[in-house]
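What follows is a set of notes on a single structure, which appears directly below.
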Amino acid sequence: MVPDGFDGIVDLAGGSSLRSVAPLAQDPRNVISVGDISVSDLGGRFVERRTDRESLERSARLALDGLLAPVITAVHPLSGAPAALATVENGHTAGKVVIKVT
């Protein structure tokens, strides 16, 4: 554990994961979640994900330019979607889990 706490926490999952790490932040206002709107109950801030075309294209450009490097830890075929989802929901992944449709 960090003796003075963390400067900030970015939560992507929410729920009990968020509640277990939020107290580690030095300032609760520096706890940001895109996965759990109830972060405001902990003093933190909720950031809404933007999945519109413009935002997704901007993210793609950042990745193509090497400025955004998502970590992909697993690729599953479409038939393996239930197992992929279970992995993500159980918090047993350190990066992105991709479902390959083609």
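Scanning segment 36-67 for residues that are of a type in the set (Lys, Arg) and within 28 Å of Leu24 (Cβ to Cβ) yields Arg45, Arg49, Arg50. Residues that are within 12 Å of Asp11 (Cα to Cα) and either in contact (Cβ under 8 Å) with a residue 60 or more places away in the chain or touching a helix residue (DSSP H, G or I) at 6+ places or on another chain (Cβ under 7 Å) (or both) within segment 21-34 comprise Ala22, Val31, Ser33, listed in sequence order. Tell me, please, whether a residue that is within 15 Å of the chain's Cα centre (by Cα), assigned to a loop (DSSP other than H, G, I, E, B) and hydrophobic (A, V, I, L, M, F, W, C) can be found in segment 22-33. No, segment 22-33 has no match at all.
Picking from Glu54, Glu48, which residue would you name as being out of contact with any Ser or Thr (no Cβ under 8 Å at 6 or more places or on another chain), assigned to a loop (DSSP other than H, G, I, E, B) and on the phi < 0 side of the Ramachandran plot?
Just a single option satisfies the conditions, and that option is Glu48.
In segment 62-74 there is at least one residue that is at pLDDT 90 or above and outside any loop (DSSP other than H, G, I, E, B).
Taking every residue in segment 76-102 that is in contact (Cβ under 8 Å) with a residue 12 or more places away in the chain and pairing it with any residue that is outside any loop (DSSP other than H, G, I, E, B) and among the charged types (D, E, K, R), at least 6 positions away or on another chain, the pairs with Cβ-Cβ distances below 8 Å are His76/Lys100; Pro77/Lys100; Leu78/Lys100.
The values are calculated or read from the model by the stated rules, or taken from the named source; none is laboratory data. Model, not experiment: these values are computed from the prediction. Don't worry about glycine lacking a Cβ; one is built from the backbone with ideal geometry, like all the others, and counts go over all protein chains shown.
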